[in-house]
Amino acid sequence: MPSSKMLIGLVLIAVVVMGADGGCGQSNLFEGFQDSDDPAIQLENAKVAIDEGDYAEAIAWLERLCGTDPAAPTCDNATAALLASAHMGQAGFNAFDLLAQVENLDSTDPSALYDAFAALIDPAALADLGAAITLLEGIARSSEEDLLLAMA
């Protein structure tokens with residue numbers, strides 16, 4: 001027969017596990033950290049959302065840091081670039097798909113490239129793509145970075 005100390009230990013472990021899981025898997029012990037006002041936690045939540053493909057959630061977190069106007073973000077360049085990435089993901093834009101389309105083109109005609117690009121973009125996603133482009137255009141670069149981009 002198990003000792004009373006062992007039973008108490010098992011009950012305590014069960015309570016801790018149930019508390020961490022919320023009892024039914026709907027929440028967890030760390031849920032309070034997810035809705036923090038701490039910018040570092042908000043940024044981490046956005047990165048996790050992007051990794052999980054939940055771009056709308058990532059945009060919501062990042063807009064808490066950058067604001068909702070892509071032309072005037074209130075965050076640093078790295079965070080603005082991450083917000084642009086989330087908007088591209090929300091739009092369904094995948095650079096690898098575009099490269100595959102370009103690679104399979106039989107023509108060097110610029111209109112063929114445009115058609116390949118247009119085939120990958122849902123017209124409903126143009127607002128997200130526009131936000132991403134605006135954010136990326138607004139990222140300040142040094143003259144050395146501009147030179148490197150021009151040479152690339």
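Would you mind finding the one in ASP115, ASP106, ASP128 that is more than 24 Å from PRO39 (Cα to Cα), part of a helix (DSSP H, G or I) and charged (D, E, K, R)?
Checking each option against the conditions leaves just ASP115.
What is the residue count in the range 131-143 for residues that are in a helix (DSSP H, G or I) and modelled with pLDDT of 75 or more?
Adding up the residues that qualify gives 8.
Hey, can you tell me all the residues within the range 42-99 that are in contact with a Phe, Trp or Tyr (Cβ under 8 Å, 6 or more places away or on another chain) and over 19 Å from ILE133 (Cβ atoms)?
Matches in the range 42-99: GLN42, LEU43, ASN45, ALA46, ALA49.
Take the range 77-103 and flag every residue that is part of a helix (DSSP H, G or I) and over 13 Å from the mean Cα position of the chain (by Cα).
Matches in the range 77-103: ASN77, ALA95, PHE96, ASP97, LEU98, LEU99, ALA100, GLN101, VAL102, GLU103.
Restricting attention to the range 55-76, does a residue exist that is in a helix (DSSP H, G or I), at pLDDT below 95 and of a type in the set (A, V, I, L, M, F, W, C)?
The answer is no; no qualifying residue exists.
Which is among the small types (Gly, Ala, Ser) and touching a Leu at 6+ places or on another chain (Cβ under 7 Å), of ALA60, ALA84?
ALA84
Quick check on my filter: what residues within the range 63-81 are β-branched (Val, Ile, Thr) and touching a Leu at 6+ places or on another chain (Cβ under 8 Å)?
Correct list: THR74, THR79.
The values are calculated or read from the model by the stated rules, or taken from the named source; none is laboratory data. It should be emphasised that the depicted structure is a prediction, and the values quoted were computed from it without experimental measurement. Glycine also receives a Cβ, built like all others from the backbone with ideal geometry; neighbour counts cover every protein chain displayed.
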